[in-house]
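Visitor: Pasting a structure here, questions to come.
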Amino acid sequence: MKLVKTKQEVRDIVKEWRKQGLTVGFVPTMGYLHEGHASLIDASSKNNDRTVVSIFVNPMQFSPNEDLESYPRDIVHDSKVCEEHGADLIFNPEPEEMYNDMFCSYVDMDVLTKELCGLSRPIHFRGVCTVVSKLFNIVKPDNAYFGQKDAQQLAVIKRMVEDLDMDIKINGCPIVREADGLAKSSRNTYLSPEERQAALILSKTIAVGRELVKNGEKDAKKIVSQMIKNIETEPLARIDYVKIVDALTMQQIDNLDRPALCAMAVYIGKTRLIDNFEVV
């Protein structure tokens, strides 16, 4: 396994793989890898001849008041995870390698980015779409892998690839959880022991929503209302949003009469965590 810092190095290596007729899988990450990331690398390694993992904390998707500087970083740990799970190449650029002084081109999206995380983080998805587009152009993978925990991001990337005629298959992979149910996240490291316990309210509330759906409830407002009531039983929790949206458009719906996504973002102390479940 190799670790490189420049776009040209990635292109040169992938070009040699292509000459050999090898398929290429790609896992874009911001690093501080956990079992969720590892499951994406596993999927890529299983289904492609070579796997590239990018590790880049993308400044473009952080607002000024967000955690860009404090976002956890550990390239030694990340390299070990990548190697253990079958990655062949790590792309770990510096910000100036991705965005030079004259950079002024962006990839933006309407509709899908106006709800959920896009509503409370208005610049976020422009940053995501721009950096992922750049990474796709650098790596030129056959397949790319994203986690379902960031369900809106997954929907946005799928839409972008279709709209811009990118010849890449986007693969969504299931949420990986701790033994007690908490969805794996690099930001879980921010939580104090008390907050870590309080954070279980997210997965418990997902279970409440799932049970209502399982029992036949179709009224989205009733499901959301019960989920909000459950979150409000945790004193350390502060709700950003709990919503049910169309799985394709990310627009709110009133009834579960189509494939849907039930998604939430909740602050535990100062840490913003997300979770979701699909309704098919």
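Visitor: Pick from LYS19, LYS169, LYS149: which is most flexible by mean-square fluctuation in a GNM of the chain where alpha carbon atoms under 10 Å apart are linked?
Guide: LYS19
Visitor: Cα extents of the range 146-252 along the three principal axes, largest first, in whole Å?
Guide: Reported extents, whole Å, longest axis first: 47, 36, 23.
Visitor: Which entries of LYS114/LYS270; LYS7/LYS140; LYS46/LYS169; LYS169/LYS243; LYS19/LYS140 have Cα-Cα distances beyond 19 Å here?
Guide: The pairs that break the limit, which is 19 Å between Cα atoms, are LYS114/LYS270; LYS169/LYS243.
Visitor: Restricting to the range 1-147, compute how many DSSP beta bridges are antiparallel as a %, nearest 5.
Guide: Numbers: 0 of 14 bridges.
Approximately 0 percent, going by the DSSP bridge assignments.
Visitor: Another one. How much accessible area per residue does the range 23-176 have, in Å², with a 1.4 Å probe?
Guide: 45
Visitor: Please build a GNM for the chain, connecting alpha carbons under 10 Å apart, and tell me which residue among GLY172, GLY209, GLY21 fluctuates the most.
Guide: The residue that fluctuates most here is GLY21.
Visitor: Can you work out the Karplus-derived ³J(HN,Hα) for every residue in the range 30-42? Use 6.51 cos²θ - 1.76 cosθ + 1.60 with θ = phi - 60°, whole Hz, and x for glycine or proline.
Guide: Once θ is set to phi - 60°, the couplings for the range 30-42 become 9, x, 6, 5, 10, 4, x, 4, 4, 5, 5, 5, 4 Hz.
Visitor: Using the Kirkwood radius built from alpha carbon pairs, what does the Stokes-Einstein equation give as D for the range 212-251 at 4 °C and 1.567 mPa s, in µm² per second?
Guide: Roughly 113 µm²/s, to the nearest whole number.
Visitor: Moving to a separate point now. Which whole-Hz couplings ³J(HN,Hα) result when phi for each residue of the range 115-127 is put into the Karplus expression 6.51 cos²θ - 1.76 cosθ + 1.60, θ = phi - 60°, listed in order with x for Gly and Pro?
Guide: 10, 6, 5, x, 6, 8, 10, x, 9, 4, 6, 4, x
Visitor: With a 1.4 Å probe and every protein chain kept in, tell me what percent of the accessible surface of the range 99-171 is carbon plus sulfur.
Guide: 47
Visitor: Also, quick follow-up: Select from ARG121, ARG73, ARG258 the residue whose mean-square fluctuation is largest in a Gaussian network model of the chain (Cα-Cα springs shorter than 10 Å).
Guide: Highest fluctuation of the listed residues: ARG258.
Visitor: Antiparallel DSSP bridges in the chain: what percent, to the nearest 5? Let's see the in-between values first.
Guide: Working: 21 of 40 bridges.
Approximately 50 percent, going by the DSSP bridge assignments.
Visitor: Sticking with this structure for a sec: Give me, ordered by chain and number, the residues 5 or more places off PHE26 or on other chains with an amide H under 5 Å from its own placed amide H.
Guide: The list, which skips near neighbours in sequence, is VAL52, ASN143, ALA144, TYR145.
Visitor: Can you give the direction-averaged projected area of the convex hull of the alpha-carbon atoms in the range 88-198, in nm²? Write down the numbers at each step before the final one.
Guide: On the way: hull surface 37.0 nm².
The orientation-averaged projected area of the Cα hull of the range 88-198 comes to 9.3 nm².
Visitor: Using only Cα atoms, locate the centre of the range 174-217 and the centre of the range 143-172, then give the distance between them in Å, rounded to an integer.
Guide: 24
Visitor: Using modelled amide H (1.01 Å from N, peptide plane; none on Pro or chain starts), what sits under 5 Å from the amide H of ARG177, excluding residues fewer than 5 places away?
Guide: Those qualifying (amide H under 5 Å, at least 5 residues apart or on another chain) are LYS184.
Visitor: Measure of size requested: the Rg and Dmax of the range 1-136, with Cα atoms as the atom set and Å as the unit; please supply both.
Guide: 15.6, 47
Visitor: Same structure again: Against the globular-protein guess of 2.2 N^0.38 Å, express the Cα radius of gyration of the chain as a ratio, rounded to two decimals.
Guide: Against the compact-globule rule of thumb, the ratio is 1.02.
Visitor: Say the cut-off is 19 Å between C-alpha atoms; which of LYS2/LYS80; LYS184/LYS222; LYS5/LYS184 go over it?
Guide: Where the Cα-Cα span goes over 19 Å, the pairs concerned are LYS184/LYS222; LYS5/LYS184.
Visitor: Run the helix sum for the chain: -39,500 (n - 2.57) per DSSP H stretch of 4+ residues, divided by residue count, reported at 222 nm to the nearest 500 deg cm²/dmol.
Guide: Per the formula, -11500 deg cm²/dmol.
Visitor: Residues with amide H under 5 Å of ILE90's amide H, sequence separation 5 or more or different chain, H placed in the peptide plane at 1.01 Å from N; which?
Guide: Amide H to amide H, under 5 Å and 5 or more residues apart or across chains, ILE90 pairs with LYS2, LEU3, VAL4, VAL53.
Visitor: Could you compute how fast the range 10-57 diffuses translationally, taking Rh as the Kirkwood radius over C-alpha pairs and applying Stokes-Einstein at 4 °C with viscosity 1.567 mPa s? Give it in µm² per second.
Guide: 114
The values are calculated or read from the model by the stated rules, or taken from the named source; none is laboratory data. Values in this document were obtained by computation on a predicted structure and should not be read as measured data. We work out accessible area using only protein heavy atoms, side chains counted, and drop any ligands, DNA or RNA first. Shrake-Rupley method; radii C 1.70, N 1.55, O 1.52, S 1.80 Å.
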